[in-house]
2 protein chains.
Amino acid sequence: MKSTIPDDGVPITPSATNGGDREAASLHGEVLLRLRDYVVEGNIPDGARVPERQLCEMFGISRTPLREALKVLASEGLIELLPNRGARIRQLSQRDLEELFDVMAGLESLAGRLACEAITDEEITAIEQLHYEMYGRYLHRDMHGYFQTNQRIHESIVAAARNETLKTAYANFAGRIRRVRYSANFARKRQRWAEAMREHEAILDALRRRAASELSDILFQHLRNKRMAAIEHLTEPQEDAPAAL
Amino acid sequence: MKSTIPDDGVPITPSATNGGDREAASLHGEVLLRLRDYVVEGNIPDGARVPERQLCEMFGISRTPLREALKVLASEGLIELLPNRGARIRQLSQRDLEELFDVMAGLESLAGRLACEAITDEEITAIEQLHYEMYGRYLHRDMHGYFQTNQRIHESIVAAARNETLKTAYANFAGRIRRVRYSANFARKRQRWAEAMREHEAILDALRRRAASELSDILFQHLRNKRMAAIEHLTEPQEDAPAAL
DNA sequence: ACCTATTATTTTGCATTCATTTTTTGTCAT
DNA sequence: ATGACAAAAAATGAATGCAAAATAATAGGT
């Protein structure tokens, strides 16, 4: 006798096993991806319980694969597992954020260092293109576009490092602070923008010269400044309304 | 006795990617710790299947918590999950090792940079102590003791960075290459020893002067050299029998 | 009424069960 | 014999079931 299987469409994406970004296969993998996004996007308030049963219905699955995904998410630091008390969305303290930003800074710093060893002229040209594009956004006060292009530049540097392990770790940590990072973006006063633009120019310059140590320093300091801006934003988040967009 | 107030405190469950935590409330956590050790210690050959049923019997549990642990271990990169084909011990290619060593180098480099901001004179003194102890091991050709003291020095630097997130990530990556790193230790020719000792002196010097960028560079290069030694060892592992010990 | 103790409901953690898929084993044809 | 095919066995992935714990709801005492 066939049991009642929910026909709720759960299209299995037969993408590559691993190596890129989007891992997926088995139901568990699919649920992991969807649940991670769901959490990162902030659909559950900070510190709140993760409604196990509710999510099962939402995804149309049983508790087993969901719980497996929860364990993984906990190991990634997105949620906390309390004994006999289920999962809670991990609330990041200011200190947590500072630490995360510093680790990100370290990883980007490393990426820059490694990139100097392997980056091609074409890749540098591509980054220069992005840089000019970003400068355009800056001039047009297009905050959203600026943010996105900025992200692409940093991702390009990480990609140029030719280190999949680093790339994965970077993506992992980036995911943890994605929400904060995004909202912090709107905190960027124009003054900080100008500063960031100058820093980016220095980054490009060091990259062109393949000055590994120098680039490493610049990137670290650049991320440190980002960290400061983000933390300041969180400390006093009242003054900036969604202006650009 | 019983309070009606929801215990919303933080009965901390550091189930995040750990490395040194030896506590586990739930059965799943216990299994995770034991299974991770079991894998890291090399009880299952590289690339081999993870005998699910057998491990269940061994741990005296059902498959559910074991499979949860497997998912976490896969996310940590220790094993691979093949669709409908179970788990396999992840075999690290030379490239994987190079990448892992570079990421470790980046993290230690970061640790050194951060340590310069916060380290106390007492901590530096403690590291100096370890350095002299290590020098003694070096003179006595005590490879095992040298290795351990060396590890403690690097851990001290990471601890001085005052960044739990970094510490956790460091422990995580260290776990992945633990086996290789250990065996590579025996590959260290005396020449490399002398080199490493000089590098360590430079590390201490930079640390004393709180020269962040400089220390960052030195640590990165130090780890890079370690990487080279480890890779060389793996490439030609026949020539060195267990000499010292 | 308010606070505490007791009971009912929900939730959690793990074991067990079930449907598929994979792997092994056995059989037959070339 | 060797190889291809088919059936049996085992393993995997996910759903369900069940005992213990936690949370909510209710009753009782002051």
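Brief remarks on what is shown
- Normalised per residue, the volume of the convex hull around the Cα set of the stretch B:106-145 (Å³): 75 Å³
- Phi to ³J(HN,Hα) by Karplus 6.51 cos²θ - 1.76 cosθ + 1.60 over the stretch B:191-204, Hz, x for Gly, Pro: 4, 5, 4, 4, 4, 4, 4, 4, 4, 5, 5, 5, 4, 4
- Kirkwood Rh, angstrom, the stretch B:135-175 [1 / mean 1/r, Cα pairs]: 11.2 Å
- Taking only the Cα atoms of the stretch B:61-170, the ratio Rg/Rh comes out at 1.12, with Rh defined as the Kirkwood radius.
- Peptide A:156-166, shielding by other chains (average Cβ, 10 Å cutoff): 3
- Each peptide in A:76-87, A:99-110, B:43-54, A:202-213 was scored by the mean count of other Cβ atoms within 10 Å over its residues; highest first, the order is A:99-110, A:76-87, A:202-213, B:43-54.
- Computed on the stretch B:110-219, the Cα convex hull volume stands at 89 Å³ per residue.
- Summing Lys and Arg as +1 and Asp and Glu as -1 over all other residues whose Cβ lies under 11 Å from the Cβ of A:VAL103 gives a net charge of -3.
- Across the stretch A:145-155, rounded Karplus estimates of 3J(HN,Hα) from the backbone phi angles (6.51 cos²θ - 1.76 cosθ + 1.60, θ = phi - 60°) give x, 4, 4, 5, 5, 4, 4, 5, 4, 5, 5 Hz, Gly and Pro being marked x.
- Sequence-distant residues sharing a close amide H with B:ILE61 (under 5 Å, placed H): none
- Total charge dipole magnitude, the stretch B:73-139, about the Cα centre, Cβ charges on Lys, Arg, Asp, Glu only, Debye to nearest 20: 600 debye
- Using a cut-off of 30 Å between Cα atoms, the listed pairs A:LYS226/B:LYS71; A:LYS167/B:LYS226; A:LYS226/B:LYS226 include A:LYS226/B:LYS71; A:LYS226/B:LYS226 as exceeding that distance.
Read the figures in this text as sums done on the coordinates, not as results from a lab. Because the structure is a prediction, the values reported are computed rather than measured. Glycine gets a Cβ as well: all are built from the backbone with ideal geometry, and neighbour counts include every protein chain shown.
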